[in-house]
Each structure stands twice: as C-alpha cells, then as structure tokens.
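In what follows, a single structure is set out as structure tokens and then discussed.
The values are calculated or read from the model by the stated rules, or taken from the named source; none is laboratory data. This one's a predicted model, so the numbers in the text were calculated from it and none came from an experiment. All Cβ positions, glycine included, derive from the backbone under ideal geometry; neighbour counts span all protein chains shown. The area values use the complete protein model at the heavy-atom level, side chains included, leaving out ligands, DNA and RNA. Shrake-Rupley method; radii C 1.70, N 1.55, O 1.52, S 1.80 Å.
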Amino acid sequence: MYYNHNSDSHFITFTILIIVFFISFYVIYEIRIILKKRRIDEILDDLASNNAEITPEEFIALRNEKLHGYKYEGYYALTKNFAGIYILHNITKDKYYVGQSKSVLNRVNMHFTGKGNGDVYFDYRLGDQFTIRMISLENSGFSSLNSLEKNAIAKYHAYTRGYNKTRGND
C-alpha cells in the first residue's frame, strides 16, 4: 500500500511540532522559575530563623535577584520581608551591630549601601569582612522587636564593644 503525503499533512505535522516545542519551552521556563523561588525561599527561611549567615555580597546578590530577569520587574526576595532583628558581625574587628526593623531585608541593605550605621558602612568600604544573621520576631520567643533587639545587643556586646550607640529601644 502506498502512503501519499500531501501538503495538508505536512502542515499539520509542522504545526504540531511547533506547538509541542513552545509548550516544552514554557514548561521548562516555569520549572526554572519555581526552582529559583524555592532556592530563594529556603535561603531566606534559614536566615530568618537564625540558622544561616551570609556575607553582604551574597545578601545583595540574593536581594537583587529577579525571577524573570525583566528590567522593571521587582526583586523577589523583597516579597519575603519580615519583622525581626539583624546581626551584622565585622569579622575583621570582631565587632557587632544589632538592629531591628519591620522590613529586615530592606534595612540590612541600607547598612551596606551607605544609608544605615555610618561606622559599619565605613568599615565595610575599607574592606573589613562582615557576616549577616537575622532572626524573625515570629517564633523567636519574644513578644516585641524591642525586647528581641535588647537581648541580642546584650548577648553580642554590641553596645559595650560594638557599633550600637544604645542598649536598645525601650
């Protein structure tokens, strides 16, 4: 039996292949976005629960990640902002700065872009090595940001031997 290919069947086959290609491309793209979200979420969850520390450079790169890469797209990490405290450790000088914010990710960024504690920024710009830790108020065991911050300032001697100018807010 002889099978005759006509132009209609070629067109249908070609159209199906194009559709399959675009669907495959879209599915792979969406999987990439889901995996990227999951990776950022895991890092931020570890940071918020004080289970991880990160360098300022790693923090800025994480904070500035966009899911799709569009020019005017918002930064995904900022959708995960949380109320809590942050602990900046100058490893070079073994000094600490403890701060609090309702938007910890935004506030930490300010310290390393010149809009936070001037002494921290000065030492960072001089090349001192820093790490960042964060603790979310939620599930911290503390009832307020002030009490959480005060406790951390005392624990890390951030007032007596660090960058903090006060023992914390009342």
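Projecting label points 7 angstrom from Cα along Cα→Cβ for Ser144 and Lys115 puts them 2.7 nm apart.
Under a straight-distance cross-link criterion of Cα-Cα below 28 Å, which lysines are reachable from Lys155, leaving out those fewer than 8 residues away in the same chain? Lys155 reaches Lys80, Lys93, Lys95, Lys102, Lys115, Lys165.
Per residue, how much accessible area does the range 1-132 have with a 1.4 Å probe, in Å²?
Accessible area per residue: 64 Å².
Highest mean packing comes first when the peptides 53-65, 117-129, 92-104 are listed by Cβ atoms within 10 Å, giving 92-104, 53-65, 117-129. Computed from point charges on the beta carbon alone (+1 for Lys and Arg, -1 for Asp and Glu), the dipole magnitude for the chain about its Cα centre is near 540 Debye. For the range 23-32, backbone phi angles converted through the Karplus equation (6.51, -1.76, 1.60; θ = phi - 60°) give residue-by-residue couplings of 5, 4, 4, 5, 4, 5, 4, 5, 4, 4 Hz, Gly and Pro being listed as x. Note on Lys165/Asp94: beta-carbon distance plugged into 1/(1 + (r/R0)^6) with R0 of 22 Å gives a FRET efficiency of 0.75. For the range 1-151, the fraction of 1.4 Å probe accessible surface lying on carbon and sulfur atoms is 58 percent.
Between Glu58 and Ser24, take the C-beta separation as r, use R0 = 30 Å, and let me know the FRET efficiency to the nearest 0.05.
0.35
With kT/(6 pi eta Rh) evaluated at 4 °C and eta = 1.567 mPa s, and Rh the Kirkwood radius from Cα pairs, the chain diffuses with a coefficient of 69 µm²/s according to Stokes-Einstein. Binning the alpha carbon pair distances of the range 86-170 at 10 angstrom intervals from zero yields the distribution 19, 54, 25, 2, expressed in whole percent. Note on Lys71/Leu35: beta-carbon distance plugged into 1/(1 + (r/R0)^6) with R0 of 22 Å gives a FRET efficiency of 0.45.
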